[in-house]
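Colleague: Below you'll find the structure I mean.
The values are calculated or read from the model by the stated rules, or taken from the named source; none is laboratory data. Keep in mind that this is a model prediction, so the values were computed, not measured. Every residue, glycine among them, receives a Cβ derived from its backbone with ideal geometry; neighbour counts consider all protein chains shown.
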Amino acid sequence: MATDFLALVQRDHVDLQKELTLLLDPIASPAELRGSLDGVRLGLTAHAEAEDIVLGRFESISLLDALVAQARASHLAQESALSALVSARPGSASWRERACHLRDLVRHHAAQEEQYLVPGLRRHAPREMYTALAGAFATERLRQLAMLQPSAPLYFPEVPEVREVREVREVREVREIRMMADARVS
Ligand SMILES: [Fe+2]
Ligand SMILES: [Fe+2]
């Protein structure tokens, strides 16, 4: 059975919460926190950009335009919260406050999309448009990640959680590229 759009965005939302929580680790060093922030920046930007691009095709459906506009507005709020966090000193009081704020925004965004946006798309979008959404989102997300890769790979062997999140994401992306290549062949 084909992967559903909801399953893909839910998985990203869960990963993002884990990565955002690493920013609040009280014993992490500034370098480790910067590494965690890099993971959040990549994951959140690729997720939001991919959603904005694939959801654009539903804007002309009158029953969905408000939900799509709401998703876009929440992405803009997250982007500005991320910019504020990038300029804070890792581990400082303002870092923690801004990281908490960003995590709250992403949590609210996830609930909004999972409870209202995706059910709305299922109900009001043409069936073939909804079915094509998962593949379009997965492709766009990978394209965004490829464009966003940091110039030098970051590696923190002393932080197993960071390594684990990165490894899980890398393995998953290789698997998704293979699945898409297979789908094109068949
Ligand atoms: Fe979103
Ligand atoms: Fe999302």
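Colleague: Could you look through region 71-125, keep only residues that are in a loop (DSSP other than H, G, I, E, B), touching a residue at least 60 places away in the same chain (Cβ under 8 Å) and of a type in the set (Gly, Ala, Ser), and pick out the one that is nearest to ligand 2 (Cβ to nearest atom)?
Modeller: Ala125
Colleague: To continue, here is another question. One residue is enough: does region 38-48 have a residue meeting the conditions β-branched (Val, Ile, Thr), without any contact (Cβ under 8 Å) to a residue 40 or more places away in the chain and either over 17 Å from Val86 (Cα atoms) or not in a loop (DSSP other than H, G, I, E, B) (or both)?
Modeller: Within region 38-48, none of the residues are β-branched (Val, Ile, Thr), without any contact (Cβ under 8 Å) to a residue 40 or more places away in the chain and either over 17 Å from Val86 (Cα atoms) or not in a loop (DSSP other than H, G, I, E, B) (or both).
Colleague: Still on this model: Here are some residues: Leu16, Leu6, Leu20, Leu44. Which one is within 15 Å of ligand 2 (Cβ to nearest atom), buried (at least 17 other Cβ atoms within 10 Å of the Cβ) and over 24 Å from Met147 (Cβ atoms)?
Modeller: Just one listed residue meets the conditions, Leu6.
Colleague: OK, next. Could you go through region 100-114 and let me know if any residue there is more than 11 Å from ligand 1 (Cβ to nearest atom), touching a Ser or Thr at 6+ places or on another chain (Cβ under 6 Å) and closer than 21 Å to Arg34 by Cα.
Modeller: No.
Colleague: Which one of these is at pLDDT below 95 and either surrounded by fewer than 15 Cβ atoms within 10 Å (Cβ to Cβ) or within 14 Å of ligand 1 (Cβ to nearest atom) (or both): Glu51, Glu79, Glu59, Glu97?
Modeller: The unique qualifying residue is Glu59.
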